[in-house]
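The values are calculated or read from the model by the stated rules, or taken from the named source; none is laboratory data. Just so it is clear, the structure is predicted and the values come from calculations on it, not from any experiment. A quick note on method: Cβ atoms are made from the backbone with ideal geometry, for glycine too, and the neighbour counts reach across all protein chains shown. The accessibility values were calculated without ligands, DNA or RNA, using every heavy atom of the protein model including side chains. Shrake-Rupley method; radii C 1.70, N 1.55, O 1.52, S 1.80 Å.
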Amino acid sequence: MALKRIEREEGIKRTGYSLLSQWTEMSDRKKVEGIRVVKISDGTVIDHITAGHALQVLQILGITGKEDYVVTLAMNISSSKTGRKDIVKLEHRFLEGHEVARVALVAPDATLNLIENGKVTRKTRIQLPDMIEDVITCPNQRCVTNKEREPVTPKFQVVAKDPISLKCHYCWTMVDETDIVAQFTQTK
């Protein structure tokens with residue numbers, strides 16, 4: 001059995017993928033042995049995302065794949081801490097404070113790694129604050145935060161973190177994860 005490593009560098013450059021596969025040849029069949037995700041030189045790595053939530057993280061950040069930077073997505077990767085996890089790598093893209101707050105809404109236990117010159121320069125655990133302000137809007141159309149003449153910033157108290165549940169500070173409307181993700185994915 002010969003171990004054969006296939007690197008499609010030209011295809012990677014053309015399509016923007018940063019994923020290399022290793023294949024083991026067994027008789028006439030090929031079987032995936034492992035997947036190696038290439039390191040990024042500069043950018044952001046969002047690690048320890050709850051398995052199956054990486055696509056929601058991309059949606060919340062407004063990332064469609066048509067951007068001018070490489071996006072690496074790994075889902076259901078083995079994790080010694082949680083069993084399974086997702087990872088998102090954004091090359092040459094650093095998150096701003098309001099974007100981190102958005103990510104915390106769907107991935108409250110994620111880790112944020114800032115990469116510069118191929119090295120981790122900062123590693124922080126994303127934490128869902130007790131109060132979320134000016135990140136999402138209240139779905140209650142009668143809420144004071146939805147009135148044009150009222151300059152009131154939407155504010156939500158975190159009632160539960162797993163699963164996430166928020167309560168509007170003004171009208172007490174409850175908001176869950178589905179409502180949150182929907183606000184960032186609606187076509188405008």
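A few points about this structure:
- Test: residue in segment 102-110 that is without any contact (Cβ under 8 Å) to a residue 40 or more places away in the chain, open to solvent by less than 50 Å² (accessible area, probe 1.4 Å) and touching a Cys at 6+ places or on another chain (Cβ under 6 Å): no
- Scanning segment 36-49 for residues that are modelled with pLDDT of 90 or more and assigned to a strand (DSSP E or B) returns 43, 44, 45, 46, 47, 48, 49.
- Selected residue (criterion: farthest from residue 95 (Cα to Cα)) from residues of segment 34-66 that are loosely packed, with under 14 Cβ neighbours inside 10 Å and charged (D, E, K, R): 36
- Close pairs from segment 172-187: first under 15 Å from residue 132 (Cα atoms) and open to solvent by less than 70 Å² (accessible area, probe 1.4 Å), partner modelled with pLDDT of 85 or more and basic (Lys, Arg), Cβ under 8 Å, at least 6 apart: 173/167; 175/167
- Condition check for residue 120: buried (at least 20 other Cβ atoms within 10 Å of the Cβ) and either hydrophobic (A, V, I, L, M, F, W, C) or more than 13 Å from residue 44 (Cα to Cα) (or both): no
- Selection from segment 67-99 of residues that are part of a strand (DSSP E or B), open to solvent by 50 Å² or more (accessible area, probe 1.4 Å), out of contact with any helix residue (DSSP H, G or I) (no Cβ under 7 Å at 6 or more places or on another chain) and of a type outside the set (Lys, Arg): 76, 77, 78
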